[in-house]
Amino acid sequence: MNNKAIRSVHLTVHLIAVLLLYTVIIPGAYAGDFFKGKTTYVTYCQACHGSDGRGALAGTPNFKRGQVLMKPDAQLFKTIMNGSKIMPGFRGVLKNEDIDNVISYIRSFH
């Protein structure tokens, strides 16, 4: 192999390694605890969103349809933190870890 071919192989190997790290390690860093998320959901979310995620109040999304759950975790996190429409924000009420846990739990509705 000439030097150009060797560099190309090295670049390919490095690219694959970076992609593996991105898809395997990084998402796991944000995964919440389902069981803790359920506890937080029951305490702070269930009154409006319902015990099954279908929405107990007019204007709340139906998590069973997946309309909200098609968004990335970062966007859901921002909505829970800052609020949206009739939903109040939970900044200062819930810790970041609590929000990650709730996101993990609500994703089970779909």
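Throughout, read-outs are computed from the coordinates displayed, never taken from laboratory work. Since the structure is predicted, the reported quantities are computational estimates derived from the model, not experimental observations. Neighbour counts run over all protein chains shown; Cβ positions are idealised from the backbone, glycine included.
Only residues that are hydrophobic (A, V, I, L, M, F, W, C) and surrounded by 13 or more Cβ atoms within 10 Å (Cβ to Cβ): list them for the range 35-51, please. I'd like the intermediate steps shown before the answer.
As a first pass, look at the range 35-51 and keep what is hydrophobic (A, V, I, L, M, F, W, C): 35, 42, 45, 47-48.
Within the range 35-51, 45, 48 meet the criteria.
Does at least one position in the range 66-81 carry a residue that is at positive phi and out of contact with any His (no Cβ under 7 Å at 6 or more places or on another chain)?
To start, the set of residues in the range 66-81 that are at positive phi comprises 66.
Then keep just the ones that are out of contact with any His (no Cβ under 7 Å at 6 or more places or on another chain); that gives none.
Scanning the range 66-81 turns up no residue that is at positive phi and out of contact with any His (no Cβ under 7 Å at 6 or more places or on another chain).
Hey, could you check the range 72-92 for residues that are closer than 18 Å to residue 58 by Cα and touching a residue at least 24 places away in the same chain (Cβ under 8 Å) and say which is surrounded by the fewest Cβ atoms within 10 Å (Cβ to Cβ)?
85
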